[in-house]
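To start, the structure under review is shown below, and the notes come after it.
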Amino acid sequence: MSGRYKTIAYELESKLGQMRLEGKMRLPSEDELCQRYSCSRQTVRSALDLMAGKGLIVKRKGSGSYISEKITKSNKVFLIVEDEDEYTNPDFISSLKPEIKKHGYDLICISTEGSYDKERDAFSRVISEDPSAVIIEPISDVIPNHNRPLIEAIDNKDIPVIYLYSAYPYPKEAVCIKEDDKGGIRALVSYLKDKGHTDIACAFRIDDSRGLTRYKNFVDSLHENGLHFKQQRAFFFTSKERKAMLTGDEEFLLKIAHEIRQDASAIVCHNDELAFRLQEILKRERRSDIEVVSFDNSYYAASSSRITSLGHKRHDILKAITDAVCKRGYIPSPVKWHIHIRNSY
């Protein structure tokens, strides 16, 4: 039987919210569940016993199993991000809400504004409201986080923790929805090489594992393509410098523009947010010959700047998240990037 009964219990648990919305309080019979999951009656009974022990269902002799009226978990799913109103988040959240709703859940968004104190408040709310799951976009996963005890408390309450794009190192079994950054970087470097670029720079966020992963794969991709890597062509920024850029501080952008104009003909940026601002600087300095490419395929890339950028099919990322919410033990595959080539300015 192994742990098969636990997987069945988790899958049944994920359907309770939708069943309640539809007015269905009685679970399928043991025979029906045996057929559905191709397992023995003992495995089904162990799954139902596990759910009953958690107070999720009530087993009535001769009648079957019913959803408990005292069920504690709500149909809420919390999404904790840095800023729900910034960059690609509004479009992402507006698309995710109806997808989550199809499965009987309500998505509640909380912004941390990059503050560990506000993240702590968000985690405390999760603990008090006991949602069906929590989706977390880490502030930074490469430096110690003092909110670990709260994440452990969430895990101890059996609230599934789902990380988005990067993950804190706890709980170990937490699902993380990641993107195929290795394949993405390879696509961008190959695209630039095919256009005749041999001197390529990069700019990545250094306090985020995504930035570090992209940097590593950038260096590997240069070598795979027979291109020479130069350390002076690599630029790094932090979340603090990002916020400064958003308020109009051009120091980091000017540094890149100044240092690459004699040494590179193209640059791979961490995202469209950075790429757009850098390209505006290069235009101003009459250096539009330096090609800028990036990640996210956002409204920045589709603007008049027309930046070649990587994006993924919206359905892929939404399905990965909803599957993680609805299926315990779900192991997602990296979400594939697709290159969107535009005519450079």
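Excluding same-chain neighbours fewer than eight residues apart, the aspartates and glutamates reachable from LYS76 by a Cα-Cα span under 15 Å are GLU13, GLU99, ASP106, GLU129, ASP130, ASP158.
Computed from backbone phi with θ = phi - 60° and the Karplus coefficients 6.51, -1.76 and 1.60, the 3J(HN,Hα) list for segment 41-54 is 5, 5, 5, 4, 5, 5, 5, 5, 4, 4, 5, 5, x, 8 Hz; x is used for glycine and proline. Please report how far the C-alpha centroid of segment 157-209 lies from that of segment 1-73, rounded to the nearest whole angstrom. Taking the Cα centre of each part, segment 157-209 and segment 1-73 sit 38 Å apart. Once you reduce segment 82-100 and segment 291-309 to the center of their Cα atoms, the two points are 19 Å from each other. Calculated on the alpha-carbon coordinates, the convex hull of segment 38-140 measures out at 149 cubic angstrom per residue.
In terms of overall dimensions, segment 181-311 has a Cα radius of gyration and Dmax of 13.3, 39 angstrom. Label separation (ARG120 vs GLU280): 3.6 nm, computed from points 7 Å beyond Cα along the C-beta direction. In this rough spin-label picture, where each label sits 7 Å from Cα along the Cβ direction, the SER128-LYS54 distance is 2.4 nm.
Cross-link pairs exceeding 31 Å between alpha carbons, from the set LYS97/LYS178; LYS243/LYS313; LYS24/LYS313; LYS230/LYS336; LYS193/LYS327; LYS118/LYS283: LYS24/LYS313; LYS193/LYS327; LYS118/LYS283.
Here the 3J(HN,Hα) profile of segment 90-95, calculated from phi with Karplus coefficients 6.51, -1.76 and 1.60 at θ = phi - 60°, is x, 5, 4, 5, 5, 7 Hz, Gly and Pro shown as x.
Could you list the square roots of 5 times each eigenvalue of the Cα gyration tensor of the chain, that is, the equivalent ellipsoid semi-axes, sorted largest first and rounded to whole Å?
46, 20, 17
Near ASP220: Cβ cut-off under 12 Å, other residues only, Lys/Arg at +1 and Asp/Glu at -1. The net charge is +2.
Full extension of the segment from LYS195 to LYS182, taken as 0.36 nm per residue of separation minus the current Cα-Cα distance, would add 2.6 nm. Between CYS176 and TYR163, the built amide H atoms are under 5 Å apart, and every one of these is 5 or more places off in sequence or on another chain. Across segment 124-133, coupling constants 3J(HN,Hα) worked out from phi with the 6.51/-1.76/1.60 Karplus curve, θ = phi - 60°, read 5, 5, 4, 4, 6, 9, 6, x, 6, 6 Hz, and Gly and Pro carry x.
We did not get these values from a lab; they are worked out from the coordinates using the rules stated. This is a predicted model, so every value here is computed, not measured. So basically every Cβ, Gly included, is an ideal-geometry build from the backbone, and we count neighbours across all protein chains shown.
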